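First up is the structure itself, then whatever we jot down about it.
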Amino acid sequence: MISPTDILHGKVLIVDDLEANTLLLERMLRGAGYVAITSTMNPGEVCALHLKNHYDLILLDLQMPGMDGFHVMEELRTIEPNGYLPVLVITAQPDHKLRALKAGAKDFISKPFDLADVLARVNNMLEVRLLHMEAKNYSKTLEQKIQEVEASRALIHRQSDEVKRLYDEIVAEQKRSIELSLQPGAMVGVEKEERTATRWVRSLRLRHPWLQINLLTAFAAAAVVGHFQETISRLLILTMFLPVLADQACNTGSQALAITLRGIALGDLESGKERALVRKEALLGLLNGALVGRSRYRGEMFPPNLIS
């Protein structure tokens, strides 16, 4: 809101080529309480003074030698970005009033001066000008606030998308961790559905088939041993080597299992590379078995007198 104090502190410029008129207007305004009053008798200085001080009101005489008030208003229009001229013209010619209003002036004062008329028109002009400036500043502030709100909304939207992305990553990582935690059990016959709270009947149904498979593989290994029984009977070292062979086979399997789980955890084991991994581990098992068997046979781990 504009207060009377704000109006009395409005900046006023008096432009008149007659010093008597300038002094009279200045005395009227100061007597009414206006404190920011400037005057000049040179119309060519008006634009420069306005650019420097940004006056709220310009009392402009229309009849001046060299450069009249109409010419001054044309120059003021070029420096006022919004086209609003805070000009109160001073004239003794009635026919100049309408022309001045069309040129951009907001009101006029007639000569000779009437104190009440001058003070009323100056007060009204300053109030309108200050309200105009206040509305303009409020509009700028409101526009800035809107920009800040839009920026905050965009930031919140980006943060929301980021939080959603992180949440999806966490959920995916959690699912992956659960899958990885289930892999070791699945490789030794514990199904993914089994938990610590699973009833024993269901656990038995889930685990027992794998034990049967393991039993069949054990029988297959025993059949292989039985097939070479005659050779084993002749070489005592082979009898001693059988438990070592089983231990080496378990260790080789554990190594293959460990590297497979590591590949799954690190994402190295991609889809389509399973056969290559199986071929690699089979080759390693064959080579390790050959090297271990050769070293045992040559007596590097057992004394030669055990060979009969």
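Values for this structure:
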| quantity | calculated |
| --- | --- |
| Residue that is nearest to Lys11 (Cα to Cα) [pool: residues in segment 105-124 that are among the hydrophobic types (A, V, I, L, M, F, W, C) and either within 54 Å of the chain's Cα centre (by Cα) or assigned to a strand (DSSP E or B) (or both)] | Val122 |
| Residues (out of contact with any helix residue (DSSP H, G or I) (no Cβ under 7 Å at 6 or more places or on another chain) and farther than 20 Å from Glu127 by Cβ) located in segment 27-65 | Arg27, Asn42, Gly44, Glu45, Ala48, Leu49, Lys52, Gln63, Pro65 |
| Tally, over segment 111-132, of residues that are surrounded by 16 or more Cβ atoms within 10 Å (Cβ to Cβ) and either more than 14 Å from Ile58 (Cα to Cα) or of a type in the set (A, V, I, L, M, F, W, C) (or both) | 7 |
| Qualifying positions in segment 19-31 - of a type outside the set (Val, Ile, Thr) and surrounded by 14 or more Cβ atoms within 10 Å (Cβ to Cβ) | Asn21, Leu24, Leu25, Glu26, Met28, Leu29 |
| Unique match (being surrounded by 10 or more Cβ atoms within 10 Å (Cβ to Cβ), at pLDDT below 85, of a type in the set (Val, Ile, Thr) and out of contact with any helix residue (DSSP H, G or I) (no Cβ under 8 Å at 6 or more places or on another chain)) among Ile146, Ile213, Ile170 | Ile213 |
| Filter result for Leu59 (within 15 Å of Phe113 (Cβ to Cβ) and either surrounded by 13 or more Cβ atoms within 10 Å (Cβ to Cβ) or touching a residue at least 12 places away in the same chain (Cβ under 8 Å) (or both)) | yes |
| Selection from segment 118-140 of residues that are of a type in the set (D, E, K, R) and free of Cβ contacts under 8 Å to residues at least 40 places away in the same chain | Arg121, Lys140 |
| Filter result (over 17 Å from Glu75 (Cβ atoms) and part of a helix (DSSP H, G or I)) within segment 28-45 | Met28, Leu29, Arg30, Gly31 |
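To keep it simple, each residue is scored yes or no on (1) of a type outside the set (A, V, I, L, M); (2) outside any loop (DSSP other than H, G, I, E, B); (3) under 25 Å from Met133 (Cβ atoms).
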{"residue": "Asp17", "(1), (2), (3)": "yes, no, no"}
{"residue": "Ala20", "(1), (2), (3)": "no, yes, no"}
{"residue": "Glu26", "(1), (2), (3)": "yes, yes, yes"}
{"residue": "Cys47", "(1), (2), (3)": "yes, yes, yes"}
{"residue": "His50", "(1), (2), (3)": "yes, yes, yes"}
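Rundown of residues vs (1) touching a His at 6+ places or on another chain (Cβ under 8 Å); (2) modelled with pLDDT of 90 or more; (3) of a type in the set (Val, Ile, Thr), yes/no style:
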{"residue": "Ile14", "(1), (2), (3)": "no, yes, yes"}
{"residue": "Leu25", "(1), (2), (3)": "no, yes, no"}
{"residue": "Arg77", "(1), (2), (3)": "no, no, no"}
{"residue": "Asn82", "(1), (2), (3)": "no, no, no"}
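The values are calculated or read from the model by the stated rules, or taken from the named source; none is laboratory data. If you're wondering where the values come from, they're calculated on a predicted model, not measured in any experiment. In this analysis, Cβ positions are derived from the backbone assuming ideal geometry, glycine residues included, and neighbour counts consider all displayed protein chains.
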